[in-house]
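Read the structure below first, then the notes.
The values are calculated or read from the model by the stated rules, or taken from the named source; none is laboratory data. Source: prediction; values computed, not measured. Cβ coordinates were reconstructed from backbone atoms using ideal geometry, including for glycine residues, and neighbour counts include every protein chain displayed.
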């Protein structure tokens, strides 16, 4: 027999409730009965002969405690058979048999909890209801057996099942039982559902003993509570990309970590440290969790406008289990800048000229691709106007900012350089005319020179031309300064 707990412990080799009289039929054989014979049980051979050391309660006997070498507890019981009816009351030489109590497998009552994640399956798409499928309870075998060989573990859903021997039929594909699971009061938290799993260990060797039942907790954690959708990452086009192009829908300064508060919107900021949030360019990479494939959250350059980014969120609070959500994605939306042109743009065009004798000069944001709001400013930052055009009377740098009228619209600015000019002050005293027609080798030339070094003609760069009203004579004009 196997050691039991009725003596107070399962490790003392002592059993209570042993019915010695269950052996009487075997002792007397099939042709004799207790009608003719008295069968008594004794703790010693001498007692069997002398009818002493009688076991009084032979239907509820407790054997002597103690295991011996061989990991069994043995006690010899001696049997006295006496003729009940004969005149001599003869006694047969005593016979004996052994009570052998085999030790049961030892089990730990401190098995660690078994944590699993609630993931979507074909039969249950709700990943936060704390009902999980495909749970492999046998993954606890190694911890429970603790090195034992030739033993097996049986799992039970309830204590009554453990006592009755009703094992979980398929422990490698278990679904926690709703009626046996304690669910959290608030499903918006990440607290687990908890079910108690009962188990026994069976010795598959010679004694075939089974352990008493013990338990561990099955913890079913939900996926992180992440919104179904979040807004796209949106920014205005700029020249931070590797092409230095602010019109291609690609930016090189995208900071994805700025999306984390929105991703973890269902949690308090103090809880953000419980999660690992990573970004990937494909769902396959996000599901793999390979951090070598993750995007740098601090600086990223998108491949194209409206590129999709996939989010992986891990709850790292409940290690060694880390439940994951990879359902969330969003797009990179790079908004176009306003498109327009100007004449006289700084570092691109030649400056525009304002003639001081013909003011004002009209500056204009030309060829706009849409209707924009404008702001014109001078070099001091003073606002000068809000229309598509601006009239100026002096030289300087004038900046026009075009703002997209759509919500969260973008803006572009261009700077126009304006230089001053005026009608030249040209007096006769500035001009020297020399008739060279009398000189040898002359070709009947007249030399005209204008002195611009000693005389200020006015602001601007001037071109000179000679107006010829005399068709009878040709002139050559050589302008120079002296």
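Residues in segment 375-401 that are surrounded by 16 or more Cβ atoms within 10 Å (Cβ to Cβ), more than 55 Å from the chain's Cα centre (by Cα) and part of a loop (DSSP other than H, G, I, E, B): 395 only. Taking the criterion of being farther than 22 Å from residue 229 by Cβ and in a loop (DSSP other than H, G, I, E, B), the residues of segment 293-302 that qualify are 296, 298, 299, 301. Any residue at all in segment 181-191 that is closer than 26 Å to residue 273 by Cα and either in contact with a strand residue (DSSP E or B) (Cβ under 6 Å, 6 or more places away or on another chain) or surrounded by 20 or more Cβ atoms within 10 Å (Cβ to Cβ) (or both)? Yes, because at least one residue in segment 181-191 is closer than 26 Å to residue 273 by Cα and either in contact with a strand residue (DSSP E or B) (Cβ under 6 Å, 6 or more places away or on another chain) or surrounded by 20 or more Cβ atoms within 10 Å (Cβ to Cβ) (or both). When residue 75 is tested against the conditions (1) within 30 Å of residue 287 (Cα to Cα); (2) assigned to a strand (DSSP E or B), the lone failure is (1). Can you spot a residue in segment 361-374 that is surrounded by fewer than 17 Cβ atoms within 10 Å (Cβ to Cβ), closer than 30 Å to residue 233 by Cα and touching a residue at least 40 places away in the same chain (Cβ under 8 Å)? The answer is no, given that none of the residues of segment 361-374 is surrounded by fewer than 17 Cβ atoms within 10 Å (Cβ to Cβ), closer than 30 Å to residue 233 by Cα and touching a residue at least 40 places away in the same chain (Cβ under 8 Å). Evaluate the following for residue 85: is it surrounded by fewer than 17 Cβ atoms within 10 Å (Cβ to Cβ), touching a residue at least 60 places away in the same chain (Cβ under 8 Å), part of a loop (DSSP other than H, G, I, E, B) and out of contact with any strand residue (DSSP E or B) (no Cβ under 8 Å at 6 or more places or on another chain)? Taking the combined requirement at face value, the residue does not satisfy it. Among the residues making up segment 313-334, a single one is within 26 Å of residue 242 (Cβ to Cβ) and within 14 Å of the chain's Cα centre (by Cα): 329. Exactly one residue among 36, 12 is within 60 Å of the chain's Cα centre (by Cα) and at pLDDT below 95, and that residue is 12. In the set (1) within 19 Å of residue 182 (Cβ to Cβ); (2) assigned to a loop (DSSP other than H, G, I, E, B), the condition left unmet by residue 120 is number (1).
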